[in-house]
């Protein structure tokens with residue numbers, strides 16, 4: 001497997017920033033987009049439940065509508081692609097069953113052998129309120145958001161996470177009402193404009209000692 | 001900047017799995033650990049507020065104690081390193097002030113120029129309940145978790161996210177009570193044991209169509 005050196009990884013993560021101005025003429029090549037979609041698809045989640053749905057919005061009419069529900073942020077329409085990340089509202093018994101089925105068929109495991117895992121997931125999720133479950137699912141979606149932005153950076157693709165959106169309006173525009181999924185956050189992907197003044201601003205982070213403690 | 005090809009990225013993310021059994025004799029080299037810590041430090045967060053704290057636990061006594069609070073999962077003690085990810089409980093006016101100061105000094109911007117941003121963050125966080133804030137901060141921590149696991153994978157380092165931990169017991173062991181931070185999740189990092197049967201199991205994910213919709 002070809003890996004990235006420590007220096008190259010850090011350089012890519014230093015290079016990454018919340019891109020404010022995208023070059024609207026630059027499109028993500030098909031193979032790169034496919035790798036980004038794979039990164040979402042392969043994201044880790046608790047118990048592997050994948051409590052999410054990802055919308056890759058290419059349609060420009062839709063993006064115009066979404067921009068109006070995003071404080072008019074130009075990234076929504078100018079970036080090559082817009083991803084909307086939605087979280088599942090609950091985890092139901094059929095959801096758990098679907099996952100166990102998927103696991104059994106992918107791994108060629110008799111389904112009976114997965115009964116203890118199914119029991120564990122059922123017990124764990126059963127102890128949660130609807131609100132806890134929604135929050136738990138939402139956190140999983142943010143793992144996918146992290147995996148997406150890091151994956152983009154190591155391939156030299158720019159990104160901008162967008163929390164400042166009207167999730168309820170996104171749900172309406174994307175017909176999510178009643179689907180069991182709710183919009184949580186969006187992420188614009190593409191290539192920075194050469195005029196984005198934020199591209200060259202020094203990256204600001206708290207001093208390392210404030211956020212990392214090594215306990216030897 | 002050296003980037004990863006689409007094929008190499010997908011291969012790395014396919015290679016990654018929730019490692020159940022680590023080779024306790026293999027340690028992450030210092031430069032690699034430093035790059036992983038940088039990945040945490042450089043993680044994106046909403047408004048850049050970095051509402052988190054990361055503990056890199058090398059101490060074996062502590063890890064023995066933490067393992068007892070983690071359903072006795074061997075990853076806690078056998079992996080090269082254990083990272084505990086904690087979320088800030090709130091975002092206070094002084095927190096926002098600290099961040100604006102950091103931004104101003106890093107970027108050489110007069111602090112008055114950042115007053116509109118400071119106002120926006122104050123308004124946004126001021127509209128949240130304590131519970132909303134804690135959930136919001138927790139989601140940010142999961143971006144860092146995603147960035148950490150993806151970064152590990154592209155460098156050929158194994159990881160296992162650990163949600164099945166007693167966060168309250170972790171808080172006690174790490175003396176977090178009263179610190180303003182709370183344990184949320186942990187992540188073991190190191191190298192898979194050659195005996196981990198999960199390493200060769202086919203990766204199970206729902207069919208792509210179930211989780212990704214391209215709207216052209």
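Can you name the residue in chain B whose Cβ lies closest to the B-to-A rotation axis, and give that gap in whole Å?
It is B:146, 1, counting Cβ atoms only.
If you take the square roots of the eigenvalues of the alpha-carbon gyration tensor of the range B:134-210 and sort them as a ≥ b ≥ c, do you get rounded (a/c under 1.5), prolate (a/b over b/c) or oblate?
prolate
Starting from the coordinates of the alpha-carbon atoms of the range A:107-171, obtain the Kirkwood hydrodynamic radius over all distinct pairs and give the value in Å to one decimal.
In the range A:107-171 this quantity evaluates to 15.3 Å.
Please report A:97, B:195 as a ranked list, fewest other C-beta atoms within 10 angstrom at the top and most at the bottom.
B:195, A:97
Can you give the average number of partner chain beta-carbon atoms within 10 Å of each beta-carbon in peptide A:42-52, as a whole number?
Mean shielding by partner chains, rounded to a whole number: 5.
If I build a Gaussian network model for chain A, linking alpha-carbon pairs within less than 10 angstrom, which residue out of A:111, A:121, A:130 has the largest mean-square fluctuation?
The residue with the greatest mean-square fluctuation here is A:111.
Kindly express, to the nearest 10 degrees and within the range 0 to 90, the angle between helix B:93-107's C-alpha long axis and the longest C-alpha principal axis of chain B.
80
Roughly how many Å is it from the Cα centre of the range B:39-108 to that of the range A:1-65, as a whole number?
If you average the Cα positions of each part, the centres end up 24 Å apart.
Give me the mean projected area, in nm² to one decimal, of the convex hull enclosing the Cα positions of the protein assembly as shown.
Mean shadow area of the hull around the Cα atoms is 19.8 nm².
Given the options B:136, B:99, B:52, which has the most mean-square fluctuation in a GNM of chain B, springs set between C-alpha atoms less than 10 angstrom apart?
Maximum fluctuation in the GNM of chain B, among the listed residues, is at B:99.
Nearest 10 degrees is fine. How inclined is helix B:6-15 to the longest principal axis of chain B, computing both from alpha carbons?
70
Treating the angle as unsigned and between 0 and 90°, give the value, to the nearest 10°, between the Cα long axis of helix B:130-154 and the longest Cα principal axis of chain B.
40
What percent does the relative contact order of the range A:128-216 come to when contacts are Cα pairs within less than 8 Å and at least six residues apart?
Computed value for the range A:128-216: 25 percent relative contact order.
At each listed q (0.10 Å⁻¹), what is the log10 of I(q)/I(0) that the Debye formula gives for the range A:19-195 modelled as equal alpha-carbon point scatterers?
Per q value, in the given order, log10 I(q)/I(0) is -0.43.
Explain nothing, just the number: relative contact order of chain A, from Cα pairs under 8 Å at least 6 residues apart, as a whole percent.
35
Please arrange A:15, B:71 by counting, for each residue, the other beta carbons lying within 10 Å of its beta carbon, fewest first.
Lowest count first: B:71, A:15.
Could you identify which residue out of A:80, A:193, A:60 has the top mean-square fluctuation in a GNM of chain A using Cα springs shorter than 10 Å?
A:60
Each reported figure results from applying straightforward, stated rules to the coordinates on display, with no laboratory input. All values derive from a computational prediction rather than experimental measurement. Cβ: placed from backbone, ideal geometry, glycine included. Neighbour counts: every protein chain shown.
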